[in-house]
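Okay, structure first, notes after.
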Amino acid sequence: MSSTAAVAVHGAHAEPHAPGFWRTYIFSEDHKMIGKQFLFMALFMMAIGGLMAMLMRWELAWPETQVPGFHWVPEPFMYEGAIPPNTYNAMFTMHATIMIFFVVMPILVGCFGNFLIPLMIGARDMAFPKLNMLSFWTGAVAGVILLSSFFVTGGPAAAGWTSYAPLSAVPIYTGVDWGQNLWCISIIVLGASSLMGSINYITTIINMRTKGMYFFRLPLTIWSLFITAILLLLALPVLTTAIALLLFDRLGGTHFFLPAGGGEPLLWQHLFWFFGHPEVYIMILPAMGIASDVISTFSRKPIFGYRAMAYAMIAIAGLSWIVWGHHMFVSGMDPVLGSGFMITTMIIGVPSAIKTFNWLGTLYKGNIHYTTAMMNALAFVAMFVIGGLSGIWMACTPVDMYIHDTYFIVAHIHYVLFGGSLFGVFAGITYWYPKMFGRMMNERLGKIHFWITFVSFNCTFFPMHILGMAGHMRRIYNPQQYDFLKPIIPINEFISISAFVLGAAQFLLLANIIWSYFKGAKATENPWHANTLEWTTPSPPPHGNWPGTVPIVYRGPYEYSSPEVAEDYLPQSQLIEHHRDAADRRSR
Amino acid sequence: MLEYLYFPHDISTFGPQIDWLFELIFWIVLVVWTAVMITMVVFMIRYRARPGRKAEYIEGNSRLEIIWTTATAAILIVLAFMSRSTWADIKEHGPPGQVFYAVTGKQFNWEFTYPGPDGKLGTKDDIIVENELHVPVNKVVRVDLTSKDVIHSFYIPNMRLRQDAVPGRIIHVWFEATETGQYEIPCSQLCGFGHSGMKGNLTVESQEDFDKWLKDLYANPPAPPSATEGASPK
């Protein structure tokens with residue numbers, strides 16, 4: 001079944017044709033180009049989101065002073081370089097919205113999903129190439145809509161990325177009018193883009209696997225993207241619905257979230273977090289998959305507990321639907337319900353722990369090669385452990401009553417989303433760059449970027465736990481307005497200086513991506529001696545992915561240091577004699 | 001400096017329970033984190049690549065999987081039930097109130113409603129004071145919390161108390177201060193451009209001082225806050 005589909009697609013691609021510039025680079029239907037388009041869009045948005053973070057850090061360390069170099073920004077956004085409160089609120093709103101919806105999701109799901117799924121399952125393209133193209137361009141339109149909100153009267157949305165009603169539902173409460181409407185429209189449009197992508201991923205993975213690529217022979221990256229696509233398909237419509245109701249409240253005079261007309265503010269929070277918690281896992285699962293592949297490859301060992309890893313991801317995805325209330329312990333929700341959510345939240349820690357122990361098990365008795373990709377993947381594990389463990393305090397309802405809405409939460413989310421997802425992204429980019437662009441990245445520059453990022457990341461976000469314990473509220477513009485926060489001003493300054501280093505270090509990544517594209521050493525077919533199918537075709541792969549026939553799969557993706565062969569790797573598609581006997585021997 | 005690297009000084013009756021849970025989790029987390037990191041670093045050094053060596057082919061170990069799954073689940077579920085009882089003490093039961101107030105959040109002030117000379121809330125002689133909350137020490141204070149416009153959050157760091165104030169709902173909270181002094185009541189939920197700096201002052205005083213202050217308040221009630229204030233961003 002899957003092979004006939006592959007043959008049919010192959011036939012379509014076999015006709016000689018040279019698509020022009022527009023069809024190759026702009027309106028491409030090739031999943032590899034679409035993946036790259038998502039990557040470049042996300043890197044561009046990362047620069048904007050990062051700049052917002054830098055401005056926020058200036059404000060928090062040296063409140064109500066002029067930001068050097070920003071005198072040119074017109075009023076009312078800045079006053080001779082000084083940031084007014086509403087601009088500050090707009091900045092953290094846009095920072096989070098951009099980083100979540102236009103950086104982490106497009107890279108992890110859009111870029112790696114598109115680029116890797118057909119190559120790793122042995123398909124010539126996605127199931128629906130046109131839909132794939134439409135998905136990217138819909139996402140790009142969403143990005144343009146969001147960025148256009150910087151130029152409307154009142155500025156961009158300033159109600160937080162969580163957009164709690166009624167603050168977000170009535171223009172006079174924030175003073176932002178069309179900025180918030182455009183935020184709503186942008187996320188609805190992005191939701192459509194994500195839906196198209198997820199339908200495509202699910203269909204492709206179910207129907208287009210090459211011969212022998214059973215589900216339990218899929219690389220964990222593909223498992224993670226498959227589960228993520230299912231979460232996206234089910235979660236995004238809830239957010240779209242909630243935002244549509246919010247837009248009706250803003251533009252149509254309805255009162256879904258406004259108590260004055262019989263509405264209920266907590267309805268927004270339930271809908272938002274019902275989407276929002278699966279969303280958290282949408283942003284971490286693909287990074288877990290990438291880390292698993294990278295760690296196995298460079299440990300030269302099978303991933304420890306392959307099936308446990310896959311089942312743990314399925315468990316995380318399932319449980320993610322029944323933990324949303326832990327964002328609402330102090331919202332006024334019934335405290336008995338809070339206890340229920342506390343228990344489900346504690347339980348979701350179990351599959352996360354299983355994954356961590358299995359990554360450690362993979363290192364055990366390995367032969368570990370410290371490439372840049374491996375170092376980023378190991379950093380992912382270490383930072384994910386911190387982010388996961390700090391979640392226990394938040395799950396504990398009485399403790400959450402104190403640390404809720406403080407910098408403790410900000411520290412936690414950045415350990416998971418930056419320490420977790422972004423180190424996963426760095427690992428993925430450095431690992432697959434040769435396949436994407438046909439050139440090796442500069443290892444030395446990569447390692448310098450890694451070390452500066454790793455150290456400054458921890459200097460930036462670890463002290464935020466201490467700020468949170470001291471009671472430092474999040475989303476405040478000037479901590480020095482509070483007597484009880486005055487003693488921790490030096491910590492805020494230290495964090496900001498670290499954050500500037502962290503921000504500046506990302507230019508090294510950008511420089512490496514650009515430099516290597518032109519000057520990097522030519523990449524061979526399989527530079528890492530890896531097992532999965534994408535390494536069985538030239539770098540970069542041609543249109544249709546394999547110049548000849550699509551490879552056939554004989555074994556799982558992690559047969560490193562197998563006793564059956566002399567080399568320390570055994571590609572999924574390599575036929576060896578007696579492999580049937582060997583399989584029988586193992587299963588006995 | 002060092003004393004500020006921890007929680008603010010606790011002055012509530014339930015604070016010690018919360019701090020205890022925090023510390024319990026801290027020690028669990030510290031042990032787990034240290035064990036994981038030491039294991040990881042030892043493996044990273046010991047099994048670094050050396051020429052001519054091949055990694056050992058190990059696919060997994062079901063017994064280990066079962067051990068670490070059960071152990072993690074056991075610790076987390078025990079923690080959940082321990083937290084559950086503290087949570088129920090604070091949020092579900094709580095002692096009967098001795099002093100009663102209504103607290104209303106609005107952009108960007110707290111309105112504290114004191115019962116008038118009749119001692120009852122919700123009558124005509126109630127007095128509203130902006131941003132000044134006086135409570136007697138060692139008395140159970142019960143508050144009816146609500147909001148006029150957007151969601152605010154009633155937060156007293158020194159009490160370990162936080163509760164969102166939601167428009168259209170009245171939420172009951174209670175606390176009992178164990179020490180006199182001056183404390184701050186920030187808003188901890190984003191409520192608009194004036195969110196930062198929205199704060200009330202909490203004065204915990206002896207019963208005599210409190211009675212004296214209340215008498216002065218009855219004698220010279222402040223003008224009621226104007227109706228147009230609040231939801232009027234520029």
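A few notes on this one:
- Only one of A:THR87, A:THR97 that is open to solvent by less than 10 Å² (accessible area, probe 1.4 Å) and closer than 17 Å to A:MET54 by Cβ: A:THR97
- From the list A:TYR201, A:TYR173, the lone residue that is open to solvent by less than 10 Å² (accessible area, probe 1.4 Å) and among the hydroxyl-bearing types (Ser, Thr, Tyr) is A:TYR201.
- Here A:GLY424 does not fit the description of being within 14 Å of another protein chain (Cβ to nearest Cβ) and within 18 Å of A:VAL294 (Cα to Cα).
- Single residue of the stretch B:54-70 satisfying the filter (surrounded by 14 or more Cβ atoms within 10 Å (Cβ to Cβ) and of a type outside the set (D, E, K, R)) that is nearest to A:PHE304 (Cα to Cα): B:GLY60
- Scanning the stretch A:391-405 for residues that are more than 7 Å from chain B (Cβ to nearest Cβ) and buried (at least 24 other Cβ atoms within 10 Å of the Cβ), we see that the one that is nearest to the chain's Cα centre (by Cα) is A:ALA395.
- Test result for A:THR549, farther than 17 Å from A:ARG217 by Cα and out of contact with any Cys (no Cβ under 6 Å at 6 or more places or on another chain): yes
For (1) touching a residue at least 40 places away in the same chain (Cβ under 8 Å); (2) out of contact with any Gly (no Cβ under 8 Å at 6 or more places or on another chain), each residue gets a yes or a no:
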| position | (1), (2) |
| --- | --- |
| A:PHE112 | yes, no |
| A:GLY122 | yes, yes |
| A:LEU131 | yes, yes |
| A:SER135 | yes, no |
| A:GLY155 | yes, no |
| A:TRP161 | yes, yes |
| A:ASP177 | no, no |
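- When residues of the stretch A:537-568 are limited to those that are within 14 Å of chain B (Cβ to nearest Cβ) and of a type in the set (Phe, Trp, Tyr), the one surrounded by the most Cβ atoms within 10 Å (Cβ to Cβ): A:TYR558
- Selection from the stretch B:92-109 of residues that are within 14 Å of chain A (Cβ to nearest Cβ) and among the aromatic types (Phe, Trp, Tyr): B:PHE108
- Helices (runs of 4 or more DSSP H) wholly inside the stretch A:218-319 containing at least 1 residues that are in contact with a strand residue (DSSP E or B) (Cβ under 7 Å, 6 or more places away or on another chain) and more than 27 Å from A:ILE185 (Cα to Cα): A:285-299
- Some residue of the stretch A:279-286 being of a type outside the set (Ser, Thr, Tyr) and open to solvent by 20 Å² or more (accessible area, probe 1.4 Å): yes
- If you filter the stretch A:451-488 down to residues that are part of a helix (DSSP H, G or I) and touching an Asp or Glu at 6+ places or on another chain (Cβ under 7 Å), you find that the one that is least open to solvent (accessible area, probe 1.4 Å) is A:PHE484.
- Looking only at residues in the stretch B:76-86 that are surrounded by 17 or more Cβ atoms within 10 Å (Cβ to Cβ) and of a type in the set (A, V, I, L, M, F, W, C), the one that is nearest to B:LEU145 (Cα to Cα) is B:ALA80.
- Pairs where the first residue, in the stretch B:46-57, is at the interface with chain A (Cβ under 7 Å from one of its Cβ atoms) and the second is open to solvent by less than 90 Å² (accessible area, probe 1.4 Å) and β-branched (Val, Ile, Thr), C-beta under 7 Å, 6+ apart: B:TYR47/A:ILE368; B:ARG48/A:ILE368; B:ALA49/A:ILE368
- The stretch B:22-48, residues that are open to solvent by 60 Å² or more (accessible area, probe 1.4 Å) and in contact with a strand residue (DSSP E or B) (Cβ under 7 Å, 6 or more places away or on another chain): B:ARG48
- Any helices (runs of 4 or more DSSP H) falling wholly within the stretch A:110-204 and containing at least 3 residues that are under 27 Å from A:TRP432 (Cβ atoms): A:112-121, A:129-148
- Just one of the listed residues (B:ASP19, B:ASP89) is closer than 30 Å to B:ALA177 by Cβ, open to solvent by less than 30 Å² (accessible area, probe 1.4 Å), acidic (Asp, Glu) and more than 8 Å from chain A (Cβ to nearest Cβ), and it is B:ASP19.
- Test: residue in the stretch A:423-441 that is touching a His at 6+ places or on another chain (Cβ under 7 Å), under 22 Å from A:THR356 (Cα atoms) and of a type in the set (Gly, Ala, Ser): no
- Residues satisfying the criterion are present in the stretch A:62-70 (criterion: within 22 Å of B:GLY197 (Cβ to Cβ), open to solvent by 30 Å² or more (accessible area, probe 1.4 Å) and touching a residue at least 60 places away in the same chain (Cβ under 8 Å)).
- Criterion violated by B:ILE11 - all others in (1) among the β-branched types (Val, Ile, Thr); (2) open to solvent by less than 30 Å² (accessible area, probe 1.4 Å); (3) facing chain A (nearest Cβ under 9 Å) satisfied: (3)
- Condition check for B:GLY197: within 13 Å of chain A (Cβ to nearest Cβ) and at pLDDT below 95: yes
For every residue, the table says whether it meets (1) closer than 22 Å to B:ILE25 by Cβ; (2) buried (at least 24 other Cβ atoms within 10 Å of the Cβ).
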site: A:PHE304; (1), (2): no, yes
site: A:GLY318; (1), (2): no, no
site: A:MET328; (1), (2): yes, no
site: A:ASP334; (1), (2): no, no
site: A:ILE354; (1), (2): yes, no
site: A:PHE384; (1), (2): yes, yes
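- Considering residues of the stretch B:123-150 that are more than 14 Å from chain A (Cβ to nearest Cβ), in contact (Cβ under 8 Å) with a residue 12 or more places away in the chain and in a loop (DSSP other than H, G, I, E, B) only, the residue nearest to B:VAL166 (Cα to Cα): B:ASP126
- Qualifying residue in the stretch B:164-173 (condition: assigned to a strand (DSSP E or B), small (Gly, Ala, Ser), facing chain A (nearest Cβ under 10 Å) and touching a residue at least 60 places away in the same chain (Cβ under 8 Å)): yes
The values are calculated or read from the model by the stated rules, or taken from the named source; none is laboratory data. Note that the structure is predicted; figures quoted are calculated from it, not measured. Please note: Cβ atoms are built from the backbone with ideal geometry, for glycine as well, and neighbour counts cover all protein chains shown. The area values use the complete protein model at the heavy-atom level, side chains included, leaving out ligands, DNA and RNA. Shrake-Rupley method; radii C 1.70, N 1.55, O 1.52, S 1.80 Å.
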